[in-house]
Every structure is written in structure tokens, then in C-alpha cells.
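The values are calculated or read from the model by the stated rules, or taken from the named source; none is laboratory data. This one's a predicted model, so the numbers in the text were calculated from it and none came from an experiment. Positions of Cβ are generated from backbone atoms using ideal geometry, with glycine treated the same way; all protein chains shown enter the neighbour counts. Accessible surface areas use protein heavy atoms only, side chains included; no ligands, DNA or RNA. Shrake-Rupley method; radii C 1.70, N 1.55, O 1.52, S 1.80 Å.
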Amino acid sequence: MTSQRLRSGIFATVRGREYQAEAPPQDGYIQLVRLTEENPAQDLFSWSDTHNGWVARVHTIDCARLVEIRPEADHDGLRCQVIDIDQHGMVGLYYVGPERSAAQKRGFTQIDVGTWAKTVDIHELDRFYEVHHDLLFQEKARQMFGIAHSEPQ
């Protein structure tokens with residue numbers, strides 16, 4: 001059995017193709033990086049020695065979709081972020097709910113302030129989710145409804 005990397009991170013759909021982004025959008029632009037031998041789109045990507053791969057800087061307006069994807073699962077009644085799954089079916093989890101004492105009672109260990117972790121067999125998971133957070137939502141709402149952008153208090 002070979003392990004497969006979970007789809008996690010920021011993904012942009014540009015010209016009908018999905019690309020993984022290097023980081024969240026900044027100043028209205030997203031940077032896409034492809035570590036392949038061939039240029040995925042010659043009119044979009046250029047070679048970067050710094051990244052040792054193909055890089056494109058794309059305005060978020062040109063993205064049909066821009067999402068942050070996080071794999072999650074239910075374990076023992078708790079919602080958790082799936083960090084990885086190894087070749088033996090062992091799953092690294094971070095508890096993502098608000099009830100920290102519930103995580104501790106169910107065998108999670110605090111590894112950092114506010115971070116509770118546990119490793120379980122894949123058969124101990126109840127459900128698996130791929131959570132998509134739309135990074136263009138606020139921009140779309142502002143354009144469609146004239147809603148001004150406001151920073152959280």
C-alpha cells in the first residue's frame with residue numbers, strides 16, 4: 001500500500017485548470033507554483049530558479065475559483081483536521097472543535113497552546129470531509145451587493 005498525500009492547502013482555478021497556490025492571496029494576487037518538468041501553461045507560467053519550478057502571479061479576479069482546502073474527519077464524536085495518513089493506515093489528527101476538555105478526555109495530547117493531537121487507525125474514523133473555504137467570497141459579495149470590506153473586530 002502506498003500513501004497518498006491528502007489534498008490540502010490553497011487552490012486556484014485559472015483558465016479551467018486547478019493549480020495549487022504557494023500562499024494565501026496578497027494585495028489581490030495569488031502566486032501559483034508547479035514543480036513539473038514541463039511548463040503547464042506557457043503564456044501564464046515562467047521559470048523560477050528560487051522555486052526550482054514554474055511560477056505564475058495571477059490577479060484574483062482572473063480566478064474562477066480560489067479555495068482553501070482542509071481534510072477533516074470525525075473521530076469518537078469529535079471533528080478533527082486530518083494531518084496525514086501513513087502507509088500503515090495510521091492517521092494524524094488535530095482536534096478543531098471548541099471543547100478542549102472533550103479532546104483531552106478522549107486521549108488527545110496538547111502539543112502546543114490550543115493544539116490537541118492524536119494518532120489513530122484509519123478504521124477509527126467515522127466520517128471524512130474535504131472542507132472548502134471560498135477565499136473569493138468577500139470580494140464577490142462586495143462586487144454583487146456593494147458590501148464594503150470590514151476587518152473583524
For this session: Add +1 for every Lys or Arg and -1 for every Asp or Glu among the other residues with Cβ under 15 Å from the Cβ of V14, and state the total.
Result: +1
Exercise. Hey, could you pull the Cα Rg and Dmax for the range 37-103, both in Å?
Worked result: 19.0, 53
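Excluding ligands, DNA and RNA, what is the solvent-accessible area per residue of the chain at a probe of 1.4 Å, expressed in Å²?
68
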For this session: Output the Kirkwood hydrodynamic radius of the range 70-132, Cα pairs only, in Å rounded to one decimal.
Result: 11.6
For this session: Figure the gain on full extension for Q42 and A23 (residue separation times 0.36 nm, minus the Cα-Cα span) and round it to one decimal in nm.
Result: 4.7 nm
For this session: Let me have the 222 nm mean residue ellipticity of the chain computed from DSSP H runs of 4+ only, each contributing -39500 (n - 2.57), with the sum over all residues rounded to the nearest 500.
Result: -2500 deg cm²/dmol
For this session: Determine, from the Cβ-Cβ distance of L6 and V113 and an R0 of 22 Å, the FRET efficiency 1/(1 + (r/R0)^6), rounded to the nearest 0.05.
Result: 0.35
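So, counting K/R as plus one and D/E as minus one, what does the shell of residues with Cβ under 14 Å around H133 add up to?
Around H133, the charge tally is -1.
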Problem set entry | Portion, in percent, of the accessible area of the chain that falls on carbon or sulfur, probe 1.4 Å | 47
For this session: Rounding to the nearest 20 debye, state how big the charge dipole of the chain is about its Cα centre with +1 on each Lys and Arg Cβ and -1 on each Asp and Glu Cβ.
Result: 300
For this session: Mind putting together the pair-distance distribution for the chain? All Cα pairs, 5 Å bins, whole percent per bin, short to long.
Result: 2, 8, 14, 15, 14, 13, 14, 12, 6, 2, 0
Exercise. For the range 1-58, what is the per residue volume of the convex hull drawn over the alpha-carbon atoms, in cubic angstrom?
Worked result: 114
